[in-house]
Amino acid sequence: MPLYHVTLDTETTGLSAEDGDRIVQIACVEMADFRLTGRTFNTLVNPEGRPITYDSYQIHRITNEDAARAPRYEEIHDQLLDFIGDSVLVIQNKRFDLSFLGAECKRIGQLFPYDAVDTIDIARERWPGQPVSLDALCRRLMIQGDTASLERTCREAGIDPKFISADRSKKHDALVDCILLAQVYATMMTERQLDFTSTKSSAPASKVFVPVNHGLPLMNLSHDDYDKHDEMLAWLAKQAS
């Protein structure tokens, strides 16, 4: 029996579900035994009058006009749950996406019935103190996010490449992020299994991933500290572009 995972990502009108921001795109990609199956879920979502902030538009380039023509969340809720089914849900920074999904469900008198594996938690455990944004993980794991590489990945998996953004540095897309996240998660989990095997073997300890102390003072950082660090890196990257 294959092990199924579904990666999920959203694009939103702003940064705070608590303040009334809404989802404007939801996408999912299915994996079986850490391989893309070709099944995807991807739709714009009508934020029902909530305007998209300028900063959010600069990230995903979804316009208020495009979002206004999309179905409301309540119209796609059942389809989304049917797509996820019994799969293990995987999200990059689940606190963000689950807060928005929970708020959308609450508006229609429903609950979002899933928790999720958070790839940020896995990355922080494996690479303490290192950047854990999706872009940073793709660079560390040598996963190519350029258009040609994404289109090749889509063709190999049976995903229609027409949905791939022309330039991800200028436009984030939930489906593209799901495809990249699936590759990141599969690579991390496969390498984690290899690391575990190496600790059980007779290989020298130097072959096992162990943090190295170079005599520098160690700092205990909270998840909020890491989030602020990633936000600063994203801001610096935007200023440099």
Can you sort V90, V29 so the residue with the fewest Cβ neighbours within 10 Å comes first?
V90, V29
Could you give the Stokes-Einstein D for region 66-183 in µm² per second, using the C-alpha Kirkwood radius, 4 °C, 1.567 mPa s?
80 µm²/s
Once the dipole of region 18-177 is set up from charges on Cβ (+1 Lys and Arg, -1 Asp and Glu), the residue from the list C105, H172, T53 lying farthest towards its positive end is H172
Amide H neighbours of Q25 at under 5 Å, excluding residues fewer than 5 places away on the same chain, with H built from the backbone geometry, are E11, V45
Go through region 46-54 residue by residue and turn each phi into a ³J(HN,Hα) via Karplus (6.51, -1.76, 1.60, θ = phi - 60°); whole Hz please, and just put x for glycine and proline.
6, x, 6, x, 6, x, 7, 5, 4
Listed peptides 56-68, 92-104 by packing density, highest first (mean Cβ within 10 Å)
92-104, 56-68
Each residue of region 89-97 in turn: what ³J(HN,Hα) in whole Hz from Karplus with 6.51, -1.76, 1.60 and θ = phi - 60°, glycine and Pro shown as x?
7, 10, 9, 8, 6, 5, 4, 5, 5
At the level of C-alpha centres, the distance separating region 61-109 and region 120-161, in angstrom, is 22 Å
Aspartates and glutamates with Cα under 16 Å of K106, excluding same-chain neighbours fewer than 8 positions away
E18, D19, D21, E48, E74, E75, D78, D97, D115
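Values in this text are rule-based calculations from the coordinates and carry no lab data. Keep in mind that this is a model prediction, so the values were computed, not measured. Don't worry about glycine lacking a Cβ; one is built from the backbone with ideal geometry, like all the others, and counts go over all protein chains shown.
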